[in-house]
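Heads up, the thing below is written out as structure tokens.
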Amino acid sequence: MAPTGVSQAQVPYLLKALTDAGWLVRLRRGLYAGTGQLPGGVDVPPFVLATALVSPSAIALWSALAHHDLTDQVPVVVTAITPRKVVTPSMRESDSSDRRHVWRAAGIDCQFVTLSEQRYRIGLERQWISEHFVFSITDRERTVLDTFAMPGRFGGISEGLGVLERSLATIDVEKLVDYALRYGSQTLVKRLGWALEQAGVGMTVLTPLMESASASYAVLDPGRPRRGRHDRRWKLVLNVSGREGT
């Protein structure tokens, strides 16, 4: 709907004028956000901008780790998950193959990972930044889970093992186990079950994971060669060095 006193045909020109003046920022076609320069306006926080680009979506992965104080690293890209297939502007470029695509909007680089609807919906929560802004984000347990479900996005399984060790006293382990069972990945069940047992979690909690694990072997770290000690309890190839494997 056009503002009072402005015809529908004039709206594009008005939006362009407001954008050129710095009062609005264009996120994508048909979607604009106000800035702090707009009278009575405030800057839109990066997490709110990112989740507005793609709907539905939720802040996740590295961004969620940092938000929940589960890592000391400061992400330079806002990461989110979504059940939608996302086509970023960079994907339309002729040299777009063989690189991870980011969506740059309002000076913020955003990266979206597409998951099935079932996996996307697990462990989401809404968080208010202020009275004006709210966004969806993976909760602490789901954020920990993702380091085992998608270790390649964290540089390997070592990040997940470190995150689990640091967070074990502050997370709901039974909720984490429930999320793993709902996720629908045998490899995830094995990785997480093994890691929790190594961390000292008792079998009362771990039994549902062990009972659901398949008999075939999976690798602990998918980014490394399939070589290492075989753990018969969890049917895992422990293909990482140090105390975790070889």
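The values are calculated or read from the model by the stated rules, or taken from the named source; none is laboratory data. As the structure is a computational prediction, the values presented were derived from the model and not from experiment. Note that each Cβ is placed from the backbone with ideal geometry, even for glycine, and that neighbours are counted across all protein chains shown.
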Handout entry: Filter result (within 16 Å of Leu238 (Cβ to Cβ) and of a type outside the set (Gly, Ala, Ser)) within segment 141-166
Key = Phe148, Pro151, Ile157, Leu161, Leu164
Practice task
Report yes if some residue within segment 131-141 is over 17 Å from the mean Cα position of the chain (by Cα), among the aromatic types (Phe, Trp, Tyr), modelled with pLDDT of 90 or more and over 10 Å from Ile81 (Cα atoms); otherwise report no.
Solution key: no
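Here's the yes/no breakdown for (1) buried (at least 20 other Cβ atoms within 10 Å of the Cβ); (2) among the basic types (Lys, Arg):
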{"site": "Gly156", "(1), (2)": "no, no"}
{"site": "Glu159", "(1), (2)": "no, no"}
{"site": "Glu174", "(1), (2)": "no, no"}
{"site": "Val177", "(1), (2)": "yes, no"}
{"site": "Leu196", "(1), (2)": "yes, no"}
{"site": "Glu211", "(1), (2)": "no, no"}
{"site": "Leu220", "(1), (2)": "yes, no"}
{"site": "Pro225", "(1), (2)": "no, no"}
{"site": "Arg229", "(1), (2)": "no, yes"}
Fill in the blank from the handout: Of those in segment 142-182 that are over 15 Å from the mean Cα position of the chain (by Cα) and touching a residue at least 60 places away in the same chain (Cβ under 8 Å), the residue nearest to Ala64 (Cα to Cα) is Ser167
Practice task
Would you be able to tell me the number of residues in segment 42-75 that are hydrophobic (A, V, I, L, M, F, W, C), in a loop (DSSP other than H, G, I, E, B), over 13 Å from Leu124 (Cβ atoms) and modelled with pLDDT of 95 or more?
Solution key: 1
Fill in the blank from the handout: Note on Arg119: of the conditions (1) outside any strand (DSSP E or B); (2) in contact with a Leu (Cβ under 9 Å, 6 or more places away or on another chain); (3) under 29 Å from Pro45 (Cβ atoms), unmet is (2)
Exercise for the section: With respect to Ala215, determine if the residue is farther than 23 Å from Arg121 by Cβ, among the aliphatic types (A, V, I, L, M), not assigned by TED's automatic domain parsing to the domain that holds Leu70 and not in a helix (DSSP H, G or I). Expected result: yes
Exercise for the section: With the condition kept exactly as written, say whether any residue in segment 187-210 is at negative phi, part of a helix (DSSP H, G or I), of a type in the set (Asp, Glu) and over 26 Å from the mean Cα position of the chain (by Cα). Expected result: no
Problem - Only one of Gly123, Gly152 that is under 20 Å from Val77 (Cα atoms) and either of a type outside the set (Val, Ile, Thr) or at pLDDT 95 or above (or both) - result: Gly152
Fill in the blank from the handout: For segment 76-120, the count of residues that are among the polar types (S, T, N, Q), modelled with pLDDT under 80 and either within 15 Å of the chain's Cα centre (by Cα) or surrounded by fewer than 15 Cβ atoms within 10 Å (Cβ to Cβ) (or both) equals 4
